Structure formats: structure tokens, C-alpha cells
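Q: Structure provided below as C-alpha cells; questions to follow.
Just so you know, all these numbers are worked out from the coordinates, no wet-lab data involved. Model, not experiment: these values are computed from the prediction. Every residue, glycine as well, gets a Cβ built from its backbone with ideal geometry; the counts of neighbours run over all protein chains shown.
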Amino acid sequence: MGEATGRQYASKWVKTAALLSHPAIAPHIPPTRMYNESNLKSMLAIHGMVVIKPVRGAGGHGVIKVSKQDGRYAVSHYHDRRFYDTFGAMTAALTRMKRKRPYLIQKGIQLATISGRPIDYRVKYVKEGTGWSCRAMVGRLAKEGLFVTNLCRGGTQMPAAEGIRRSLTTAMVKSKKREMRKLTSLSTQVLETRLPGIGQLGFDYGLDKHGKIWIFEVNTRPQ
Ligand SMILES: Nc1ncnc2c1ncn2[C@@H]1O[C@H](COP(=O)(O)OP(=O)(O)O)[C@@H](O)[C@H]1O
Ligand SMILES: [Mg+2]
């Protein structure tokens with residue numbers, strides 16, 4: 001199948017639900033719910049930090065981080081970081097930022113960092129004939145001051161091995177790369193049965209401070 005072909009499935013909710021159906025993949029998906037104020041309240045109470053993102057989004061556009069610290073709420077959106085004293089004031093601000101688009105809420109993962117900047121990983125997987133192969137595995141380091149790592153938001157690319165070594169340990173390089181490849185292959189099997197016609201996939205993986213792997217999203221027409 002050619003580079004630009006393959007169907008696109010935009011809904012992060014549909015793709016996340018598909019992956020959650022597999023017992024070996026589900027532990028790698030951050031708890032996720034549809035956005036509404038009661039889900040936000042309970043997820044903040046449980047996780048302390050959440051990321052809210054458009055159900056049909058790309059390029060880190062409109063992705064917002066909310067955390068509860070010392071009874072206040074901190075909201076990060078692009079380069080902007082603001083504090084709100086009440087839940088009501090915070091959600092009023094979110095309502096303006098969301099601009100009526102459907103959003104989902106995800107547990108915020110404390111990513112491993114390099115010089116304080118979060119790093120995550122993109123694995124590109126391409127179908128050739130009937131089999132799939134891994135085309136690239138790269139680290140993406142967030143631009144200073146941002147929590148999103150997207151290259152179009154100023155993120156910097158580096159080899160995955162370098163990213164793992166500098167943000168975690170040299171000892172984790174081989175095992176984490178292998179684990180990401182295994183999760184990619186298993187997730188692709190699951191997605192292929194649910195989303196017919198896919199031909200290339202871009203997996204966004206986070207490695208948290210303990211090295212645990214999290215799947216943030218799967219793109220069906222990766223850049
Ligand atoms: N649950 C999360 N915890 C921490 N950071 C996240 C989380 N979800 C997304 N991010 C950050 O935001 C970026 C964009 O989110 P992503 O789900 O990939 O949406 P997009 O389609 O906009 O790329 C990710 O690459 C990652 O840096
Ligand atoms: Mg992404």
C-alpha cells in the first residue's frame with residue numbers, strides 16, 4: 001500500500017476504545033473519559049493532573065493540561081499558564097478554550113524529561129503487502145516551556161535510543177524499544193480488525209519517570 005493511502009480514522013475516542021478492548025494493551029492506556037464537568041472533577045480528584053484534548057485533534061492543537069495543587073487549579077494551554085481558585089472559574093476558562101469542540105480527558109502522565117523538558121516517542125508502522133514493518137522510532141523533546149512534544153509546536157526530534165538514555169537510563173534503551181515494538185505490533189492487529197483499510201500508523205508513546213510505557217494516541221495518517 002502506498003505512502004499516502006489508507007483510510008483515516010480521526011476519533012481518538014474510537015481508537016482508544018478499540019485498544020482498551022485488549023487485556024494486554026489496556027494497562028498502557030491512560031484512564032480516559034469524555035469531557036464533562038463531573039468527569040473532570042472526579043479525574044482530578046483521582047489523578048491530580050489530567051490532559052484534555054480534542055476528540056478530533058492533531059499537532060498538539062488545543063491540548064490543555066489541568067492540575068490541582070494546594071487547592072488551586074493550574075491550566076496550561078500553549079505557552080499560557082494560569083491559576084484559578086475555584087473549580088467553576090477553571091471550567092469557565094476551559095469552556096472558552098474548547099470552543100464547543102468535543103474533548104476527552106486523560107490521566108496526565110509525568111513523562112521522563114531531559115533538562116526539565118518532557119520527551120515522548122513516535123513509532124511509524126507501515127503496511128507492505130500483508131505484513132507491517134517499523135519505519136521509524138524517534139524521540140520528540142518538547143520545546144522549552146511546553147508540555148506537548150509535537151514537532152509542529154517546536155518539539156525537537158532525536159533518535160529514540162538517545163532520548164531513552166538521556167531521560168531514563170542506558171540500561172532501559174534496548175528493553176523499552178523492544179516493548180514499544182511489541183505493543184505496536186499487537187495494537188496494530190487489534191486496530192486492523194476494528195478499522196478496516198488502515199495502511200500506515202503513527203503511535204505516540206510516553207515513557208513515564210519509571211519507564212512505564214503509555215499510549216497517548218494512534219494516528220491513522222501520520223505525517
Ligand atoms: N495523557 C497525557 N499525559 C501527558 N502528556 C500528554 C498526554 N496526552 C498527550 N500528551 C502530550 O500532548 C501531545 C499531543 O497529544 P496527542 O494525544 O498526541 O494529540 P495530537 O493529535 O494533538 O498530537 C503528546 O505528544 C504529549 O506530548
Ligand atoms: Mg500526537
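Q: Let me check against my output: what whole-number percent is the relative contact order of the chain, with C-alpha pairs under 8 Å and at least 6 apart?
A: Averaging sequence separation for qualifying contacts and normalising by length gives 24 percent for the chain.
Q: Rounded to the nearest angstrom and ordered from largest down, what semi-axes does the equivalent ellipsoid of the chain get from its C-alpha gyration tensor (root of 5λ)?
A: Those come to 29, 21, 16 Å.
Q: Hey, another quick one. Test of the criteria: in region 78-187, which trypsin sites (Lys or Arg not before Pro) are in a DSSP loop and have at most 12 other Cβ atoms within 10 angstrom of their Cβ?
A: Sparse-neighbourhood loop trypsin sites (Lys or Arg not before Pro): R99, K100.
Q: Here is a further query. Angle, helix 37-47 long axis vs. longest principal axis of the chain, Cα atoms, 0 to 90°, nearest 10?
A: Taking the Cα atoms of the chain, the angle to 37-47 is about 80 degrees.
Q: Here's another thing I want to ask about it. Taking R0 as 45 Å, what's the FRET efficiency between E37 and R178 from their Cβ-Cβ distance, rounded to 0.05?
A: So, using R0 = 45 Å, E works out to roughly 0.65.
Q: Let me ask something else about it. Would you please report the Å³ per residue occupied by the convex hull of the alpha carbon atoms in region 130-189?
A: Hull volume over Cα atoms, normalised by residue count, gives 101 Å³.
Q: OK, next. Given only helices, namely DSSP H runs of n ≥ 4 each adding -39500 (n - 2.57), what is the per-residue ellipticity at 222 nm of the chain, to the nearest 500 deg cm²/dmol?
A: -9000 deg cm²/dmol
Q: Using 0.36 nm times the number of residues separating S67 and R165, minus their current alpha carbon distance, what extension gain do you get?
A: Full extension of this stretch gives 32.5 nm more.
Q: Taking a cut-off of 15 Å, what percent of all Cα-Cα pairs in region 27-89 are separated by more than that?
A: Result: 54 percent of Cα pairs exceed 15 Å.
Q: Okay, moving on. Along Cα→Cβ, 7 Å out, is where each label goes; now give me the distance between the ones at H210 and S185 in nm to one decimal.
A: For H210 paired with S185, the spin-label model returns 2.6 nm.
Q: Taking 30 Å as R0, compute the FRET efficiency from the Cβ-Cβ separation of Q8 and M97 and round it to 0.05.
A: Calculated transfer efficiency: 0.75.
Q: Further, regarding this structure: Which value, in Å³ per residue, describes the convex hull spanned by the Cα atoms of region 1-126?
A: 148
Q: Compute the angle between helix 87-98 and the longest alpha-carbon principal axis of the chain, please, reported from 0 to 90 degrees and rounded to the nearest 10.
A: Value to nearest ten degrees: 50.
Q: I've got another one for you. Region 59-167: Rg/Rh from Cα coordinates, Kirkwood Rh?
A: 1.06
Q: Report the Rg/Rh value for region 10-54, based on alpha-carbon coordinates and the Kirkwood definition of Rh.
A: 0.98
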